[in-house]
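Asker: Here it is, the structure in full.
The values are calculated or read from the model by the stated rules, or taken from the named source; none is laboratory data. Remember, it's a predicted structure, so these values are computed and weren't measured experimentally. Using ideal geometry, Cβ is built from the backbone for each residue, glycine included, and neighbour counts are taken over all protein chains shown. Each accessible area value is taken on the protein alone, full model and side chains, heavy atoms only, with ligands, DNA and RNA left out. Shrake-Rupley method; radii C 1.70, N 1.55, O 1.52, S 1.80 Å.
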Amino acid sequence: MLIKICGITSPEVALTTAIGGADYIGLLFSDISPRKVTIEQAKAVAQAAHVGGAKVVAVFVDEELAAINNILKQVAIDIIQLHGPVVKQYLTQLDRNYPIIYVADNNEIQPSLDRFKDFLLYENIALPSKIDFRYFIAGGISKENVIARINASNCIGVDLSSSLELTKGIKDITKILEFIKLIRPERFGRFGGRYVPELLIPPILQLQQAYETIGQSLEFRNELNLLLKNNVGRPTALTEVVNFAKALNTKVRIFLKREDLLHTGAHKINNALGQCLLAKKFGKTRIIAETGAGQHGVATATACSMLGLDCVIYMGQVDIVRQAPNVAKMKLLGAKVVSVESGSATLKDAVNEALRDWAESYDNTHYCLGSALGPHPFPTMVADFQKIIGIEAKQQFKEVIGQLPYAVIACVGGGSNAIGIFGAFIENVAVKLIGVEAGGTSLKLGGNASRFSAGKPGVLHGNYTYLLQTEDGQIANTHSISAGLDYAAVGPQHAYLHELQRAQYSNATDQEALEAFLLLTKTEGIIPALESSHALAYVVKNIQQFPQDSAILINLSGRGDKDLPSLLNGELSYVTNS
Amino acid sequence: MSRIVKAFANKAKVAYLTAGDGENSEQYFIALAKGGANVLEVGIPFSDPTADGLIIQKAMERSLKAGTDVKKVLEIIKQIRLNTEAAIIVFTYFNPIRSNLEYFLAQAKQSGADGVLVVDLPFEESSELRFLCAKYDLANISVTAPSTPLSRIKLIANNSSGFLYYACRKGTTGLRDELPLDLIERITEVRKYSSLPVAIGFGVSNNQMVQRIFKIADGCVVGSYFVDAVSKQVPLAQLELMAANIFNYD
């Protein structure tokens with residue numbers, strides 16, 4: 001469903017609206033409109049709209065042909081909208097390189113319109129039974145009726161204007177973003193969606209329904225919260241790492257949110273338990289999951305033992321070797337671990353195999369996806385189950401230092417721990433959100449998992465997001481010392497936060513992560529996961545950027561026990577030999 | 001489009017291969033056409049084919065390793081078109097064609113393709129594809145599955161063209177010995193909601209299965225069976241014979 005928002009007058013609103021997911025932004029030039037823009041304003045709004053990825057529509061009502069041509073010459077317009085008899089008479093005289101949006105009235109459609117290029121717009125008139133053109137609907141559309149209006153037509157898009165205003169002529173950006181989310185709940189701005197074979201649509205819709213009903217019920221949430229408290233160890237501690245800060249020679253107060261202290265050793269259990277409990281409630285008896293570092297695999301296997309569900313974990317053969325302790329744990333917990341040898345034999349390939357299993361088994365099986373990515377509703381649901389991290393941390397921060405952190409820093413693979421801790425702070429715009437990707441061994445394609453520096457948007461595993469890919473749209477190989485970050489795509493909400501510039505994304509190399517791992521271990525007696533060590537490494541590297549009197553929050557998403565055998569045989573073999 | 005109509009007028013014999021798997025890949029398609037296939041599904045290889053089983057996964061891996069890209073596939077289509085009047089359907093995942101969709105479709109049409117099937121674009125994500133297919137006169141072929149609710153079958157059929165591909169079982173592509181037991185029932189339902197011709201596929205690997213499918217549907221799709229043969233480097237004449245035998249209908 002395309003979204004067109006008309007009557008925008010400021011570049012700031014245009015940029016946020018465009019990044020928020022609007023496909024078209026309409027500019028009004030007529031003197032009779034309270035939303036009229038001057039040519040100079042129009043230039044600025046058009047530029048902002050283009051930066052945000054939207055197309056610009058010039059809406060004409062009563063302008064002279066010369067004035068129209070002047071505007072087209074000066075402003076970067078993509079599409080012309082003709083509204084009313086005065087301007088419609090110019091149709092054949094206009095530069096027809098511009099597609100036209102023709103506001104339909106009860107008169108005949110002009111024959112020079114091209115149904116493969118132009119659009120119609122129906123505003124407040126009954127739709128004819130057969131419409132050959134792509135068309136928008138407009139007029140009297142409200143939050144309450146928009147879905148019904150869309151479903152009652154075969155429109156390609158909706159056109160919104162006055163319903164989104166604070167006062168006449170002034171757009172309300174909160175309302176705009178709410179409206180877009182209402183029309184496209186499966187997306188974060190442009191990102192997300194549901195790109196899966198038709199075969200998987202019914203189980204995904206079934207899951208969505210269960211999540212929106214059972215998953216939102218008080219009874220379910222109470223049961224989940226009780227399990228998280230009694231069986232998993234929530235809330236987790238907030239620890240100030242004074243020695244670590246001293247070693248960095250800084251006065252910045254550094255706090256860790258201790259997800260490493262959770263049962264099974266990482267934040268993954270928050271989501272795994274949430275999904276497995278939900279799956280059990282809607283009648284599934286078997287759970288499948290992918291895992292990279294093995295943390296999500298162990299968490300899922302644990303949730304399955306707790307709840308009496310069968311469990312199969314798909315894991316890349318490369319990861320099985322480098323995360324051996326977790327493989328053993330999963331097997332002890334009663335899960336079947338399937339080694340995936342196709343492709344790069346890492347996380348991406350494990351997801352492929354899990355999706356293949358699900359396509360066959362969904363009658364009795366739930367796919368417990370481990371990160372905030374995949375087809376809708378997974379990114380939303382996983383972020384929801386993980387948001388407890390941020391909610392707790394925010395409360396703890398207020399209690400301990402009486403204010404919010406200057407910055408929140410988290411590592412980003414798929415991005416579930418990061419979205420979990422960011423979630424509670426997104427509304428606090430003064431709090432910097434920093435995601436740290438795997439810089440690997442090189443910034444060339446294949447040497448890292450830095451989607452925001454080496455990737456571009458594309459479709460993998462059911463969602464449209466930033467993706468490491470070749471020129472031909474093939475998914476690139478990735479590299480990271482940390483199996484949990486070694487993945488070609490990033491959760492779609494992170495892609496959105498990146499475009500909005502609400503969060504900034506950086507990276508840390510294998511070597512930097514390893515050094516941070518050692519530093520925290522030595523100074524604080526906390527052995528962090530290699531994944532979380534990337535967030536620590538960012539702070540080590542960039543400590544100068546934080547004001548001396550500030551306090552920052554790092555999500556320590558997991559503990560490093562799982563990494564030890566591999567490290568002690570490799571990078572840290574000197575420890576074994578000394 | 002008219003080539004598709006013609007193929008479906010009297011039991012469409014639909015054959016799939018991954019383009020660029022094996023040297024002179026076009027020759028394999030041409031051999032299948034000589035053997036009686038009147039719809040050729042030309043698969044664009046993708047690194048992460050989540051709807052495919054092992055046989056097609058391996059074919060895609062080999063094809064990519066040999067350097068096949070979208071441009072090369074279009075070349076292969078051109079070569080096939082020079083040699084046969086069988087309908088050609090481009091069979092692809094979305095990402096390899098996504099970044100320049102309109103250009104790709106225009107090129108596909110020009111190269112001689114008659115239709116497109118994008119495996120991982122369900123109805124809700126495919127409005128641009130549907131529009132562009134109409135613009136370039138390409139059939140926009142959709143898949144329905146055993147689990148697809150009737151209301152959805154109707155929606156999908158009303159918004160597709162060429163034919164409807166009924167994937168007759170759950171899971172991924174591959175070889176199976178038997179057709180599902182509820183096939184006749186399901187096809188009767190599908191036909192109630194769709195005026196398009198219906199082809200059945202997914203796992204079809206012998207002539208008995210093909211014969212049964214032809215009794216109830218307008219076309220039959222055979223994929224992994226041929227891909228498997230190409231992976232074993234069967235001579236062209238033998239591939240042609242395999243097509244003739246499996247599609248044989250009396």
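Asker: Of the residues A:ASN145, A:ASN151, A:ASN124, only one is closer than 19 Å to A:ALA104 by Cα, out of contact with any Ser or Thr (no Cβ under 8 Å at 6 or more places or on another chain) and loosely packed, with under 15 Cβ neighbours inside 10 Å; which?
Answerer: Just a single option satisfies the conditions, and that option is A:ASN124.
Asker: Using the structure shown, decide if A:ASP349 is within 18 Å of A:ALA293 (Cβ to Cβ), open to solvent by less than 40 Å² (accessible area, probe 1.4 Å), part of a helix (DSSP H, G or I) and more than 11 Å from chain B (Cβ to nearest Cβ).
Answerer: Numbers: within 18 Å of A:ALA293 (Cβ to Cβ): yes; open to solvent by less than 40 Å² (accessible area, probe 1.4 Å): yes; part of a helix (DSSP H, G or I): yes; more than 11 Å from chain B (Cβ to nearest Cβ): no.
Here the answer is no, as A:ASP349 does not meet what is asked.
Asker: OK, next. Go through the residues of the stretch A:164-176 one by one and say whether even a single one is closer than 28 Å to A:ASP62 by Cβ and within 13 Å of another protein chain (Cβ to nearest Cβ).
Answerer: no
Asker: If you scan the stretch A:77-100, which residues turn out to be open to solvent by less than 60 Å² (accessible area, probe 1.4 Å), closer than 18 Å to A:HIS50 by Cβ and of a type outside the set (D, E, K, R)?
Answerer: Answer for the stretch A:77-100, where residues must be open to solvent by less than 60 Å² (accessible area, probe 1.4 Å), closer than 18 Å to A:HIS50 by Cβ and of a type outside the set (D, E, K, R): A:ILE77, A:ILE79, A:ILE80, A:GLN81, A:TYR98, A:PRO99.
Asker: Which residues, counting only those in the stretch B:119-141, are part of a loop (DSSP other than H, G, I, E, B) and within 11 Å of chain A (Cβ to nearest Cβ)?
Answerer: B:VAL119, B:ASP120, B:LEU121, B:PRO122, B:SER126, B:TYR136, B:ASP137
Asker: Filter the stretch A:359-372 down to the residues that are open to solvent by less than 10 Å² (accessible area, probe 1.4 Å) and in a loop (DSSP other than H, G, I, E, B), then identify the one that is nearest to A:PRO185 (Cα to Cα).
Answerer: A:ALA372
Asker: With a cut-off of at least 3 residues that are within 30 Å of A:TYR496 (Cα to Cα) and at pLDDT 95 or above, name the strands (runs of 3 or more DSSP E) lying wholly within the stretch A:44-141.
Answerer: A:55-60, A:79-82, A:134-138
Asker: Okay, next question. With respect to B:LYS78, is the statement that it is within 27 Å of B:ARG169 (Cα to Cα) and charged (D, E, K, R) true?
Answerer: In short, no.
Asker: Which ones in the stretch A:235-252 are touching an Asp or Glu at 6+ places or on another chain (Cβ under 7 Å) and surrounded by fewer than 20 Cβ atoms within 10 Å (Cβ to Cβ)?
Answerer: A:PRO235, A:ASN243, A:LYS251
Asker: Could I ask something else about it? When the residues of the stretch A:185-197 are filtered to those that are open to solvent by 10 Å² or more (accessible area, probe 1.4 Å) and outside any strand (DSSP E or B), which remaining residue is nearest to the other protein chains (Cβ to nearest Cβ)?
Answerer: Looking at residues that are open to solvent by 10 Å² or more (accessible area, probe 1.4 Å) and outside any strand (DSSP E or B), I get A:PRO197.
Asker: Which numbered condition trips up B:ALA31, out of (1) surrounded by fewer than 24 Cβ atoms within 10 Å (Cβ to Cβ); (2) more than 26 Å from A:LEU200 (Cβ to Cβ); (3) of a type outside the set (Lys, Arg)?
Answerer: Unmet for B:ALA31, out of (1) surrounded by fewer than 24 Cβ atoms within 10 Å (Cβ to Cβ); (2) more than 26 Å from A:LEU200 (Cβ to Cβ); (3) of a type outside the set (Lys, Arg): (1).
Asker: Same structure again: Which residues, taken from the stretch B:178-209, are within 15 Å of the chain's Cα centre (by Cα) and open to solvent by less than 10 Å² (accessible area, probe 1.4 Å)?
Answerer: B:VAL198, B:ALA199, B:ILE200, B:GLY201, B:GLY203, B:VAL204
Asker: Among the residues of the stretch A:402-414, are any under 24 Å from A:ALA537 (Cβ atoms), in a helix (DSSP H, G or I) and modelled with pLDDT of 95 or more? If you could, list the steps in order and put the result at the bottom.
Answerer: Let us first name the residues in the stretch A:402-414 that are under 24 Å from A:ALA537 (Cβ atoms), namely A:404-414.
In the following step, the residues that additionally are in a helix (DSSP H, G or I) were identified as none.
No, the stretch A:402-414 contains no residue that is under 24 Å from A:ALA537 (Cβ atoms), in a helix (DSSP H, G or I) and modelled with pLDDT of 95 or more.
Asker: When the residues of the stretch B:66-103 are narrowed to those that are of a type in the set (Lys, Arg) and within 14 Å of chain A (Cβ to nearest Cβ), which ends up farthest from B:GLU23 (Cα to Cα)?
Answerer: B:ARG98
Asker: Here is a follow-up. Take the conditions within 14 Å of chain A (Cβ to nearest Cβ) and within 17 Å of the chain's Cα centre (by Cα) and apply them to B:ILE56. Does it pass?
Answerer: yes
Asker: Out of all the residues in the stretch A:408-432, which are surrounded by 23 or more Cβ atoms within 10 Å (Cβ to Cβ), over 16 Å from A:THR509 (Cα atoms) and not β-branched (Val, Ile, Thr)?
Answerer: A:GLY414, A:GLY415, A:SER416, A:ASN417, A:ALA418, A:GLY420, A:PHE422, A:PHE425 - these are the residues of the stretch A:408-432 that are surrounded by 23 or more Cβ atoms within 10 Å (Cβ to Cβ), over 16 Å from A:THR509 (Cα atoms) and not β-branched (Val, Ile, Thr).
Asker: For the stretch A:231-242, check the following and say yes or no: at least one residue is in a helix (DSSP H, G or I) and under 30 Å from A:ILE401 (Cβ atoms).
Answerer: yes
Asker: If we keep just the residues of the stretch B:154-175 that are among the basic types (Lys, Arg) and open to solvent by 50 Å² or more (accessible area, probe 1.4 Å), which is farthest from the other protein chains (Cβ to nearest Cβ)?
Answerer: The qualifying residue farthest from the other protein chains (Cβ to nearest Cβ) is B:LYS154.
Asker: So, of the residues in the stretch A:274-294 that are modelled with pLDDT of 95 or more and in contact with a Gly (Cβ under 7 Å, 6 or more places away or on another chain), which turns out to be nearest to A:ILE320 (Cα to Cα)?
Answerer: Among them, the one singled out is A:THR291.
Asker: Please tell me if A:LYS398 is surrounded by fewer than 21 Cβ atoms within 10 Å (Cβ to Cβ), more than 14 Å from every other protein chain (Cβ to nearest Cβ) and touching a helix residue (DSSP H, G or I) at 6+ places or on another chain (Cβ under 6 Å).
Answerer: No.
Asker: Given (1) under 20 Å from B:ILE44 (Cα atoms); (2) surrounded by 19 or more Cβ atoms within 10 Å (Cβ to Cβ); (3) in contact (Cβ under 8 Å) with a residue 60 or more places away in the chain, identify the lone condition not met by B:GLN233.
Answerer: Here B:GLN233 clears every test but (2).
Asker: Evaluate the following for B:ASN248: is it touching a helix residue (DSSP H, G or I) at 6+ places or on another chain (Cβ under 9 Å), open to solvent by 60 Å² or more (accessible area, probe 1.4 Å) and closer than 28 Å to B:SER25 by Cβ?
Answerer: yes
Asker: Ok, one more. Return the residue satisfying two criteria in turn: it lies in the stretch A:198-210 and is open to solvent by 20 Å² or more (accessible area, probe 1.4 Å) and in contact (Cβ under 8 Å) with a residue 12 or more places away in the chain, and of such residues it is nearest to the other protein chains (Cβ to nearest Cβ).
Answerer: The selected residue is A:PRO202.
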